[in-house]
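Q: The structure's right below; bear with me while I get my questions together.
The values are calculated or read from the model by the stated rules, or taken from the named source; none is laboratory data. Just so it is clear, the structure is predicted and the values come from calculations on it, not from any experiment. Cβ atoms come from the backbone with ideal geometry, glycine included; neighbour counts cover every protein chain shown. Keep in mind that these areas ignore ligands, DNA and RNA; they rest on the heavy atoms of the full protein, side chains included. Shrake-Rupley method; radii C 1.70, N 1.55, O 1.52, S 1.80 Å.
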Amino acid sequence: MKRTTLLLLSLCLATASAFAQGGATANETARFLAGLPVEGALAPLMATTAWREQARLMDEAWRIKEAQQIVPIRGWMETNAGGYFQSTGTMFYMFGGPDFLYANIFFPNASTYILAGLEPIGQVPDLTQMPPAQLASELTALRTSLSSILRFQYFITKDMRTELGHGQLNGTLPLLYVFLARLGYQIIDVAPVKTPAEGVRITFQDASGNAPQTLYYFKTNLAGGGQSAFLQWCAERGPGLSLLKAASFLLHGQNFIGVRNFLLAHSSVIVQDDSGIPLRAFPKGWDVRCYGRYVPHRTTFAKFHQPDLAAVFNRNPSSPLGFAFGYHWQKEEGMIMLATPSEAMPAIETLPVRKALPVPPEQ
C-alpha cells in the first residue's frame, strides 16, 4: 500500500471516530453488528451470549450466500460483462433501498454507489450503553431484517420496516454497516447529507489498498414524470452502471416514467430482471441480451407478463443462470437482461481496473 494511501486512511479513520459513540469507530460497530471479531470498546461485548449467537448465525448465513449467490454472480458478470464488472464508474441502484450487497456483487469496483429507496436512514446508537437484554433484542431484529435478502435475493420491505422500525438500532444504516463489513471493507467515514435529498454518505476501502470508494443512500420518492432534483444530481455523476432487481414492476407503468427515462439516458449498462424496464420500452439502438429462463410469475406480478420477452427466450433458448435472481428463488428460474445503448460492449482493457476484488475476512 502506498504511503499516501496510508496517510489518507489514517486521517479518514480519525474522522470516522468522531461519528461513533462510546469510543467505538463506525468500522468497529459495523464488524460487531456483522458478527465479526472487534477490538476496542466493543470487544468486551463479544463475550455475551447475544453476540456469540449473532456471530454463529451470520457466519452460517454468509457461507451459504457466498456459495449460492456472491461467487456465482461475480463469475457470471466477469464472463458476460467483464468490462462493466471491472469498471470504476458510478453505480445507480434505483429502488434498491439499503441493498448494497447486490450493488457490490454486480459492480464491485464502482467508485461511487448511489442507492435510493423509501426506507429512513435510521441510526446506530452507542452499543456499549445498551442493557444486555435490549442489545440481544436489537441484534435479533437486525437478523430478521436481513433474513429475506440472505435467504433469497431481495428485502421484504414490510418485514424490514417492522423489525428495524421501532428499536434504537433502526433504518437502513445498520444494514449498510453489515454488508460493508461482511464484504471485507473497512469503513472510513460516515456523514449525513441533505442534498439532493435526505441521505447518508459512507466512505470505505477494500483490503487491497485501492482508492477509497463512496456509498450514498438517499431516502427519496422516485415517482413522477419529470427530472427531480435527485435525478438531476445523479445525472451530473453519470453515465452509470445501473442495476434493477425486484423493482415491483414500477417501471412498467407511467407513474415512474421520469426515473425510467433517466436510466435510459444516463446508463452505460443496465443489468436487470424482468421487473425493471420492460423490453418494449428500450429505444431503438439498445442491445438487450437475455440470459437464463423467463418463467411467468404465479402471484400478483402475473399481470406483468411480457409476451415479447417470452418470444425472445423461445427463439433463443438459454441455459439456466446457475443462481437465483429477482423474485424467483429457484436457481433454475433466474433470468437477467443485460442492456447496453450500443451493440458493442466495451473491452475490459478500455476501462479503469482495480487491483483485486475485496477478500472476505477470515472467519
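Q: How big is the convex hull of the Cα atoms of the stretch 185-326, per residue, in Å³?
A: 157
Q: Given the peptides 262-268, 118-124, 309-315, arrange them by the average over their residues of other C-beta atoms within 10 Å, most packed first.
A: Most protected by this proxy first, the peptides run 262-268, 118-124, 309-315.
Q: Follow-up question, since we're still on this one. For the stretch 162-201, which whole percent of the accessible surface, found with a 1.4 angstrom probe, sits on carbon and sulfur atoms?
A: Reported share for carbon and sulfur atoms: 45 percent.
Q: While we're on this one: Tally Lys and Arg at +1 and Asp and Glu at -1 over the other residues with C-beta under 10 Å from the C-beta of Gln68: what net charge comes out?
A: Overall, the nearby charge balance is +3.
Q: Sticking with this structure for a sec: Along the charge dipole of the stretch 161-308, which of Val200, Leu183, Val269 sits closest to the positive end, that is, farthest toward it, with unit charges on the beta carbon of Lys, Arg, Asp and Glu (+1, +1, -1, -1)?
A: Val269
Q: What translational diffusion coefficient, in µm²/s and rounded to a whole number, does the Stokes-Einstein relation yield for the stretch 253-311 at 10 °C and a viscosity of 1.306 mPa s, taking the hydrodynamic radius as the Kirkwood radius over Cα pairs?
A: Diffusion coefficient, whole number: 124 µm²/s.
Q: Also: When DSSP beta bridges are limited to those with both residues in the stretch 190-291, what percentage is antiparallel, rounded to the nearest 5?
A: Rounded to the nearest five, the antiparallel share is 65 percent.
Q: Quick one: which of Lys219/Lys331; Lys65/Lys245; Lys284/Lys331; Lys65/Lys284; Lys65/Lys194; Lys194/Lys245 span more than 28 angstrom between C-alpha atoms?
A: Lys219/Lys331; Lys284/Lys331; Lys65/Lys284; Lys65/Lys194
Q: Show me the ranking of peptides 300-308, 325-333, 32-40 by mean Cβ neighbours inside 10 Å, starting with the highest.
A: 32-40, 325-333, 300-308
Q: Using the heavy atoms of the protein chains alone and a 1.4 angstrom probe, what is the accessible area of the stretch 29-180 per residue in square angstrom?
A: Per-residue value: 35 Å².
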